Structure formats: structure tokens, C-alpha cells
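**Student:** Sending over a structure as C-alpha cells; questions will come in a sec.
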Amino acid sequence: MQKQRRLKIIAASLVLLSGMVFLGYAMLKKTSVRHFTPALLVADQGKVDDQLVQVDGLISEGSSEWDAANFKLTFAVRDRESAATVNVIYKDRLKPDNFVDGGSVFVEGRYDASENLIVATKLMTKCASKYEGAESAIPTDETSYISQ
Amino acid sequence: MTAEIGQAAIYLSVLSGLWAIGFLCVGLRTRNPNAVRSGRNAVIATFILISIATGALIYGFVTDDFSMRYVVEVSSAAQPLLYKVTALWGRMSGSLLFWLWLLTVAGAIVVWQNHRYNKQTGDTLAAYALIPIAIVQLFFIILVTGLIEGVYNPLARFPNGQVAPDGAGMNPLLQTPSMAFHPPTLYVGWISLTVPFAFAVGALASGRVGSDWILRSRRWTLFSWIVLTVGITLGGNWAYRELGWGGYWAWDPVENASFMPWLLGTAYLHSVMIQEKRSMFKLWNILLITLAFQFTLLGTFITRSGIISSVHAFAQSDIGGYFLGFILISTAGVVGLIIYRWKRLKSANRLESLLSRESAFVLNNWLFVGLTLIILWGTLWPIISEAINGQKASVPEAFFNQVVIIPGLLLLFLTGAGPIISWKKITTNNFRRMFMWPLVIGLVSGALTWGFLALKGNTSPIYSVLCVSAAVFVLVAIFAEFYRGARLRAKRQETSFLNGLGLLIQRNKRRYGGYIIHIGIVILYIGIMGSKGYFLLESDSLSLGESMKVGAFELTMKDSFEREYANYRRAGVIFDVAKNGKRIGTMEPARHFYYKAGQGEQDTIESAIRHFGVNDLYIALGELPRNIKGGDIVNVQVYHNPLISVVWIGVAVMVIGGIIAIAEKSQHSKET
């Protein structure tokens with residue numbers, strides 16, 4: 001009797017544990033989004049066509065265009081180390097604060113390889129220097145992200 | 001001069017910290033009460049020294065001492081006094097000092113709380129608990145001395161007597177009252193968790209692993225839980241009102257870092273009840289509170305190491321490594337103590353049935369810990385995936401939203417089932433008497449919800465239906481508990497039902513305070529279901545005179561405005577709002593443009609929010625042309641957030657319940 005009860009309790013715990021592990025694993029499989037730099041994304045083009053991706057880079061100088069009438073932001077993300085760029089469209093969402101030429105940007109969205117274009121669903125900017133003081137000679141230790 | 005005094009105080013506190021640890025250890029080992037007393041006094045001394053250092057930094061802010069590096073980074077001459085003071089925790093090194101100061105306050109309170117008790121009984125548990133507190137303090141003291149790489153002393157001046165003309169100032173986004181109070185509230189909550197953890201370690205060290213350590217730190221645990229609940233909500237509320245994305249929770253790493261200790265603390269608050277009632281789970285409780293404490297440090301590690309980018313993200317620094325090292329070493333220490341005391345940690349009882357209150361508690365704990373681990377897994381996924389696949393990846397909000405649903409609904413069900421299921425083993429009588437009606441009413445409500453949502457054209461209402469069913473089940477179960485108890489009291493005391501209810505709560509604050517928390521949880525769930533599941537979002541580009549529709553609302557942009565304030569300009573538009581064709585008033589969403597010498601303007605979204613009962617209409621504006629005229633286009637984003645106020649109400653009820661529960665005096669049990 002005692003033994004049977006223990007078995008039952010152990011079985012129930014195992015069911016619960018595997019349920020949790022499965023839930024975590026399955027959802028991860030389903031939702032995990034691969035992360036790229038513009039250079040890596042351009043190099044991997046064929047393999048990631050029509051997939052959700054994240055790209056981390058800089059807002060290419062002079063590339064951004066805000067079309068207020070159509071509520072549409074277009075710009076290019078530039079690689080930090082090479083000349084590779086990826087185009088981005090961000091529609092029907094407010095342009096995030098601190099969106100400036102040369103600033104850090106983080107884009108999440110579906111990648112269209114034929115046009116080298118990401119239709120973004122999420123856009124984050126990072127204000128690296130704006131508040132770090134007029135006395136820029138003074139080094140600071142933190143930056144902050146503003147999400148949209 | 002003040003800064004130098006503060007620095008000297010920090011250096012001296014290294015000595016007082018070492019003194020406390022050394023004398024407490026030796027004194028307790030050799031049973032020398034004088035040494036123990038000296039160690040306790042050293043804990044007080046650390047508190048005084050760190051208070052001096054903190055005071056010196058605040059003095060620097062208030063007097064605009066721009067020869068101090070930290071003051072220059074987070075303050076400026078024009079900053080209002082409130083934000084000069086809150087600048088204390090504006091950045092890393094200051095927030096570490098603030099954290100340390102709160103820790104020394106906690107240490108001093110523990111000394112004071114146990115002073116008389118120690119005298120009366122010669123008890124040493126609190127003295128043992130002071131050792132881990134002093135060790136954690138010493139870790140933070142070393143960080144703020146500025147002697148190690150990666151962090152600088154917040155009281156340091158610029159080299160060569162440099163003085164900056166003005167400070168950089170705090171980010172305007174952070175200059176709002178709820179941002180002033182959100183971080184310190186979280187800190188207070190995290191630091192309060194150090195005390196029950198310290199008592200657990202003290203219990204292991206002294207060998208008194210009964211329920212004494214739990215009871216004596218119970219108020220700290222509950223206090224921490226209440227404060228964390230408030231702190232997390234303040235953060236969500238701030239995001240909702242200030243950031244302009246219409247939501248209050250986005251599973252950002254920093255949010256997760258504050259949420260995980262809360263989950264573990266909640267698990268712990270439940271599992272200790274089993275140890276008190278049935279002498280089970282001694283080892284588990286120690287592990288759980290250790291884990292909760294370590295997660296408060298892990299949160300700092302995640303947010304400060306820069307390994308994961310986040311909305312809040314504080315840039316890369318070496319400090320993460322120190323935190324990780326401290327987490328590993330202190331965990332190893334606790335594990336060592338557990339092995340040392342292994343024999344005493346055996347449970348006196350075993351689980352007797354899968355359907356019993358004990359099992360409900362176990363399930364509750366499994367779910368809380370499981371949720372924490374899944375959230376941790378998702379939060380750390382960028383690092384894990386890079387280590388496994390060599391490919392960086394991360395999980396979006398959707399991952400978290402989906403994984404929490406099922407465990408979350410199970411937990412909601414337990415909120416009602418736990419309090420009414422019988423100890424040891426459920427009986428048919430118990431089931432019939434306690435479960436029948438709540439289950440029936442819950443299921444009927446679920447069916448009605450299904451019908452209602454189906455009529456509204458909702459094709460996949462399953463989670464809403466389950467949520468409403470469980471919520472109604474819990475409410476009926478708990479109200480029945482109140483009703484039965486109050487009626488009994490009223491009968492016995494021959495008084496009215498309401499008096500009976502008052503007496504009931506007063507006599508057993510812990511239990512009924514807990515039930516009120518459970519009611520708050522139900523309300524919170526309903527709010528989350530409505531606001532996360534049924535919000536509407538419309539975006540449009542409008543010029544003056546044009547209008548747009550969101551649900552039953554029609555908004556017409558009829559005018560614009562611009563006003564000048566001390567350090568910013570407020571510009572926006574005026575909307576006429578009509579519901580179902582009936583005009584009900586105006587709303588004025590805006591943007592604030594802050595001036596910054598030499599850097600132009602920085603603008604922030606100032607959403608307009610209007611409450612309609614428990615639903616909100618929420619308008620945010622995009623970039624604004626100056627002096628908006630006829631043909632100018634303004635980008636508008638409008639949210640209709642149903643039941644959002646219910647979220648805040650739910651949390652308020654939880655906090656009220658927590659305050660009632662904490663009012664119950666802790667008993668000191670005699671057992672070992």
C-alpha cells in the first residue's frame with residue numbers, strides 16, 4: 001500500500017515535470033527567432049527567406065524615410081563592421097523615440113530574401129549618447145534602450 | 001570634503017563588515033556572549049558608516065557638486081529636488097550603494113528585533129542569521145569601494161580636480177513619480193528576502209532546522225512579497241502611462257528578473273505552511289528561499305552584465321561576473337551546510353494521498369518553480385542557444401505569453417481548491433460539502449462565457465472560458481469559506497453576521513488575509529485576460545478635422561496646442577471623443593520636448609488615457625510637426641484596453657490581503 005502510493009506520487013510528479021519540460025521545449029521550438037548581424041543575414045540569404053529574424057545593427061545614415069501619410073517608416077540597417085545593409089519597413093506603428101542616423105537599432109520581423117527586406121514587427125532603438133552629458137569627454141558606464 | 005568623509009566611511013565599513021563576520025563566527029563557536037555582542041555591534045556600525053556614505057552622496061546631489069563623477073552623470077542643476085535625490089539609484093554605482101544601505105538597514109533591524117529575545121532566552125539563531133547578512137553586505141561594500149575593476153566608487157571625484165560645468169541629468173522618461181518609486185520599491189523587496197534566507201542559513205549553521213527560523217522571518221518574507229508586488233506593478237503602470245505602447249508587461253529580461261524572485265517567494269510562502277503544520281519539506285523550504293534570494297542577485301547579473309539586451313539594459317560591465325561568482329560561492333556554501341545537516345532535514349511525515357491539501361501545496365510549488373525555470377530558460381535563451389547551436393537566437397513575448405497560460409490556469413484553480421481541500425486525504429464528504437457548488441457554478445459561468453463570446457464572433461475562446469470558470473470557482477469557494485466562518489462566529493458570539501465576519505478575520509489574520517490575496521489574484525487574472533486578450537489597436541494618419549474609429553469610439557482631431565513649461569515644451573492635439581455616436585468629451589495626447597543645451601530636443605510620448613468604467617481609451621502620437629496647421633499629418637495610435645483597471649484593482653486587493661496577513665504576530669515555537 002505504502003509502496004503503491006509512493007509510486008503514484010512519483011508517477012504524478014514525472015507527468016507534471018515532463019509536461020513542463022515539453023511545454024517549455026515546444027514553445028521554444030515554435031517561437032525562437034534567430035539573431036543576425038546584417039552581414040550574416042545577407043550571407044545566409046537563401047536559408048532564411050520568409051523566416052522571422054532579428055537583426056542588430058546601426059541605422060544607415062540618410063536611409064530613413066518617414067512617410068506620415070501612409071504611417072510607414074523605411075530605413076536600412078548597416079552592419080557594424082562591414083558594408084552589408086538590410087532594408088526595413090515598419091508600418092502602422094509609431095516611430096520609436098531616439099531613432100537617429102547612426103544609432104543602434106534592433107529589428108524583428110519577416111525576411112524577404114529576394115528584396116533583402118525585413119517587414120518589421122518590432123523595433124527597438126538604443127540611446128547611447130544622448131543623455132551621456134554635454135561633457136562627452138567624461139566616460140559613462142551605461143546606456144538605455146527605449147522600446148516601441 | 002563631504003565626499004571624502006563618505007569615501008572614508010565606505011573603507012571603514014570593510015573593517016566593520018569583517019569584524020561582524022569574524023566575531024559572530026568565533027563568538028558563536030566558542031559560546032562567548034561578549035564576542036557575539038561585539039559582532040552585533042559591528043553590524044550596527046556598518047549601518048551607521050554606510051548611512052554616512054549615502055548621506056554624503058545625497059549631499060553632493062543637493063548641493064550640485066559637479067566635481068563628483070556620479071553626480072555629473074545622473075543629475076543637473078535644473079533637475080527638481082525630488083529627482084536629484086532619486087538620482088541616487090539612477091545608475092549602477094549609486095544603485096549598488098543604495099542597495100547596500102538598505103541591506104545595512106535590514107541588518108540593523110534584525111539586531112534590534114532580536115535584542116530582547118536574545119537576552120531572555122539566550123537564543124542564538126538571530127546571531128547566526130547575522131553572519132550571512134554581514135557576508136552579503138561585505139560583498140556589496142567591496143563593490144562600491146571602487147577598488148575592483150568595473151565599478152567605481154559613487155563618491156569618487158574626477159581626477160586632477162576637474163569640475164564639470166553642469167551635470168548630464170537624468171533621462172526625462174525617468175522623471176516621473178512612479179519611476180522615482182519603482183526601483184527602490186523593488187530593491188526593498190529583494191533585500192527583505194535576504195533576511196529569511198539568512199535565517200535559513202542560520203538554522204542550518206546552528207542545527208535548529210525546525211520551524212523556528214521560518215516563523216521568526218515570516219514577517220520579512222511577507223513584507224518582501226507585498227513590496228515586490230507593489231514594485232512590479234508600479235513598473236508596469238509606469239510603462240503603461242509613459243512608454244506609449246499601450247501595454248504594461250512585455251516579458252523584458254528586466255521585468256522577468258523582478259518577477260522570478262516574486263514567483264519563488266510566493267512558492268515559499270505556501271510551502272512553509274506545510275512545514276509548520278506537518279513537519280514536512282524542511283529541506284525544500286531551505287532550498288526554495290535560497291533560490292529566491294539567489295534570483296534577486298541573478299536579476300542584477302542578467303541586467304547589469306550586458307549579456308542580454310533589454311529595454312532597460314544597463315550597458316556591459318564586469319560587474320555581472322562578480323555577481324555570478326558570488327551566487328556560485330554562496331550557493332556552494334549553503335549546499336555544504338545542507339550536507340552537514342543532512343540527517344536533521346528528514347521529514348517527519350509523508351504525503352498520504354495525491355488528493356490532499358499537502359499535495360495541493362506540492363503542486364503549487366512545482367508550478368511556481370516550473371514557471372520560474374521556464375521564464376529563466378526563455379530569458380537566457382540568447383546565451384543558451386549560442387552555446388548549443390553557435391547561433392544567437394531569442395524568444396519573443398509570444399513564447400512567454402503561451403507558456404504561462406496552462407500552468408497559470410492550474411495555479412488559478414489551486415487558488416480556490418487549495419484552501420478547501422482537506423488535509424491528509426480528500427473525503428467524499430469534503431468533496432460534496434466544499435467543492436460541489438463552486439464547481440457547478442464555475443462550469444455554468446464558463447458555459448455562459450462561451451456562449452457570450454461565440455455570439456460576439458470569437459472563434460477560439462477556450463482560454464477565456466477556462467479562466468472565467470476557474471475564477472468563478474475560486475470566488476465561490478472562498479466566499480463560502482468566509483460565509484461559513486462568519487456565520488459560525490456570529491452564532492457563537494450572538495452578534496450580527498458582519499460583526500462575525502470582522503471577528504473571523506481579526507482572529508485569524510494570516511488565513512483570511514491569505515484568502516483576500518487569493519481574491520485579488522482572481523481579479524488580477526480577469527484583468528489580464530481582458531487587457532491582454534481583447535485589446536483593440538488602430539493606427540491612422542490624420543490631419544485636423546479628420547476622424548478615426550476604434551470599436552464603439554469615434555475620434556475627431558479638432559485642434560492642436562503648444563505650451564511652454566520650465567524645462568520642456570508640451571505639444572499635442574485635441575480629440576473630440578464620441579461613443580456610439582454620442583459625444584462624451586475631449587482627450588489631449590501630446591509629446592514633451594525637453595531642451596538640452598548643445599543637443600537639441602529630446603521628445604517623449606505623453607499618451608492621453610481616459611477611463612470608461614474599467615476600460616481605457618488610450619491615444620499616443622507619433623512625430624509632431626511644429627505649430628500644426630490644416631494640412632499637416634499627425635500619426636495616431638489608439639488602443640481600447642478592456643478591463644485594464646481591473647488589473648490595478650486586483651493588485652490593490654492582493655496588497656490589502658497581504659497587510660492583513662502580516663498583522664498577525666509571529667509566534668516563536670519552542671521546538672528545535
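**Student:** What are the ³J(HN,Hα) values, in whole Hz, obtained from phi via the Karplus relation 6.51 cos²θ - 1.76 cosθ + 1.60 with θ = phi - 60°, for each residue of the range B:37-45 in sequence order, with x given for Gly and Pro?
**Tutor:** Karplus-based 3J(HN,Hα) across the range B:37-45 equals 4, 4, x, 4, 4, 5, 4, 5, 4 Hz.
**Student:** Does the range B:342-435 come out rounded, prolate or oblate, given a ≥ b ≥ c as the square roots of the eigenvalues of its C-alpha gyration tensor, rounded meaning a/c under 1.5 and, failing that, prolate meaning a/b above b/c?
**Tutor:** Numbers: a/c = 4.99, a/b = 1.89, b/c = 2.64.
Taking the square roots of the gyration eigenvalues as a ≥ b ≥ c, the range B:342-435 is oblate.
**Student:** Now for a different question. Starting from 0.36 nm per residue, how many nanometres of slack lie between residue A:18 and residue A:44 once their C-alpha separation is accounted for?
**Tutor:** Length gained, residue A:18 through residue A:44: 5.8 nm.
**Student:** Output wanted: per-residue J couplings in Hz (rounded whole) for the range B:554-568, from phi through Karplus 6.51 cos²θ - 1.76 cosθ + 1.60, θ = phi - 60°, x for Gly and Pro.
**Tutor:** 10, 10, 10, 7, 9, 7, 10, 8, 9, 9, 9, 10, 3, 10, 7
**Student:** Taking Rh as the Kirkwood radius computed over C-alpha pairs, what is the Stokes-Einstein D of the range B:1-175 at 4 °C in a medium of viscosity 1.567 mPa s, expressed in µm² per second?
**Tutor:** It diffuses with D of about 76 µm²/s by this estimate.
**Student:** Show which aspartates and glutamates lie in cross-link reach of residue B:665 when reach means a straight Cα distance below 17 angstrom and same-chain residues fewer than eight apart are skipped.
**Tutor:** B:212, B:276
**Student:** Beyond 30 Å between alpha-carbons counts as too far, so tell me which of A:29/B:346; B:582/B:629; A:30/A:95 fall in that bin.
**Tutor:** Working: A:29/B:346 40 Å; B:582/B:629 27 Å; A:30/A:95 28 Å.
Long pairs (Cα-Cα over 30 Å): A:29/B:346.
**Student:** With a Förster radius of 22 Å, plug the Cβ-Cβ distance of residue A:61 and residue B:626 into 1/(1 + (r/R0)^6) and report the FRET value to the nearest 0.05.
**Tutor:** Step by step, r from the Cβ atoms, then E = 0.35.
**Student:** Tell me, how many Å apart are the Cα centres for the range B:498-555 and for the range A:28-100?
**Tutor:** Centre-to-centre distance over Cα atoms comes out at 36 Å.
**Student:** Given the C-alpha centroids of the range B:430-477 and the range B:600-668, what is the distance between them in whole angstrom?
**Tutor:** First find each Cα centre; the distance between them is then 29 Å.
**Student:** Starting from the Cα of residue B:509, draw a straight line to each of the aspartates and glutamates and keep only those under 12 Å, dropping any in the same chain fewer than 8 residues away.
**Tutor:** B:664
**Student:** Here is a further query. Just grab the label-to-label distance for residue B:487 and residue B:462, each label 7 Å out from Cα along the Cβ direction, in nm (one decimal).
**Tutor:** Taking the simple label geometry, residue B:487 and residue B:462 are separated by 3.9 nm.
**Student:** Residue separation times 0.36 nm, minus the C-alpha to C-alpha distance between residue B:455 and residue B:147: what's the value? Kindly include the intermediate steps, with their values, before the conclusion.
**Tutor:** On the way: separation 308, 0.36 × 308 = 110.88 nm, distance 6.72 nm.
Extra length available between residue B:455 and residue B:147 comes to 104.2 nm.
**Student:** Also: In whole Hz and in residue order, list the ³J(HN,Hα) couplings for the range B:126-143 that follow from phi through the Karplus curve 6.51 cos²θ - 1.76 cosθ + 1.60, θ = phi - 60°; x for Gly and Pro.
**Tutor:** Along the range B:126-143, the couplings run 5, 5, 4, 5, 5, 5, x, 4, 5, 5, 4, 4, 4, 4, 5, 4, 4, 4 Hz.
**Student:** Where the only charges are on Cβ atoms (+1 Lys, Arg; -1 Asp, Glu), what is the dipole of chain B about its Cα centre, to the nearest 20 debye?
**Tutor:** So the magnitude is around 3620 debye.
**Student:** While we're on this one: Which is the longest stretch in chain B that no exposed loop site breaks, taking sites as trypsin sites (Lys or Arg not before Pro) with a DSSP loop state and at most 12 other Cβ atoms within 10 Å?
**Tutor:** No qualifying site falls inside B:32-345, the longest such stretch.
**Student:** Let me ask something else. Let me see the P(r) profile for the range A:1-85: every Cα-Cα distance counted, bins of 10 Å, each bin given as a percent of all pairs.
**Tutor:** Whole-percent P(r) values from 0 Å outward: 14, 24, 21, 14, 11, 9, 6, 1.
**Student:** Next question, about the same structure. Check which residues have an amide H placed less than 5 Å from residue A:63's amide H, if you skip close sequence neighbours.
**Tutor:** Amide H neighbours of residue A:63, under 5 Å, 5+ apart: A:76.
**Student:** For residue B:579, go through the lysines and keep the ones whose alpha-carbon is under 20 Å away, minus same-chain ones fewer than eight residues off.
**Tutor:** Cα-Cα hits under 20 Å: B:456, B:549, B:558.
**Student:** Further question: Please give, to one decimal in nm, the separation of the simple spin-label points placed at residue B:388 and residue B:113, each 7 Å out from Cα toward the Cβ.
**Tutor:** 4.1
**Student:** Report relative contact order for chain B in percent, whole number only (criteria: Cα-Cα under 8 Å, sequence separation at least 6).
**Tutor:** 10
**Student:** Roughly speaking, what is the stretch gain from residue B:181 to residue B:350, that is 0.36 nm per residue apart minus the C-alpha to C-alpha distance, in nm to one decimal? Spell out each step's value before the answer.
**Tutor:** Details: separation 169, 0.36 × 169 = 60.84 nm, distance 4.48 nm.
Contour length minus Cα-Cα distance gives 56.4 nm.
**Student:** With N set to the residue count of the range B:473-531, report its C-alpha Rg divided by 2.2 N^0.38 Å to two decimal places.
**Tutor:** 1.29
**Student:** Here's a follow-up. Can you give the calculated 222 nm mean residue ellipticity of the protein assembly as shown, where each DSSP H run of n ≥ 4 adds -39,500 (n - 2.57) and the sum is split over every residue, rounded to the nearest 500 deg cm²/dmol? Let's see the in-between values first.
**Tutor:** Numbers: 20 runs with 453 residues, N = 820.
It comes out at -19500 deg cm²/dmol, rounded to the nearest 500.
**Student:** Considering the Cα trace of chain B, what is its radius of gyration and what is Dmax, both in angstroms?
**Tutor:** Answer for chain B, Rg first and Dmax second: 27.4, 85 Å.
**Student:** Using a Förster radius of 30 Å, what is the FRET efficiency between residue B:340 and residue B:279 based on their Cβ-Cβ separation? Nearest 0.05, please.
**Tutor:** According to the calculation, E is roughly 0.90.
**Student:** For the range B:1-104, with only Lys/Arg (+1) and Asp/Glu (-1) charged at the beta-carbon, what is the dipole magnitude about the Cα centre, in debye rounded to 20?
**Tutor:** My answer is approximately 580 debye.
**Student:** Roughly how many nanometres apart are two label points built 7 Å out from the Cα toward the Cβ at residue B:427 and residue B:48?
**Tutor:** Taking the simple label geometry, residue B:427 and residue B:48 are separated by 6.1 nm.
**Student:** If you average the C-alpha positions of the range B:30-52 and of the range B:385-404 separately, how far apart do those two centres end up, in angstrom?
**Tutor:** Each part reduced to its Cα centre gives a spacing of 47 Å.
**Student:** Compute the normalised compactness of the protein assembly as shown: alpha-carbon radius of gyration over 2.2 N^0.38 Å, N being the residue count.
**Tutor:** Here the Cα radius of gyration is 1.01 times the empirical estimate.
**Student:** Ok, one more. Under 1.5 on a/c is rounded, so check that first for the range B:536-641, then, if it is not, pick prolate when a/b is larger than b/c and oblate when it is not; a ≥ b ≥ c are the square roots of the alpha carbon gyration tensor eigenvalues.
**Tutor:** prolate
**Student:** Same structure, new question: Relative contact order for the range B:30-151 using alpha-carbon pairs under 8 Å, separation at least 6, rounded to a whole percent?
**Tutor:** Values: 93 pairs, mean separation 33.5, N = 122.
That works out to 27 percent.
**Student:** Now for a separate question. Using the Kirkwood radius built from alpha carbon pairs, what does the Stokes-Einstein equation give as D for the range B:374-423 at 25 °C and 0.890 mPa s, in µm² per second?
**Tutor:** Reported coefficient: 189 µm²/s.
Every number in this text was worked out from the coordinates using simple rules, so none of it is lab data. As the structure is a computational prediction, the values presented were derived from the model and not from experiment. Ideal geometry is used to build each Cβ from the backbone, glycine not excepted, and the neighbour counts take in all protein chains shown.
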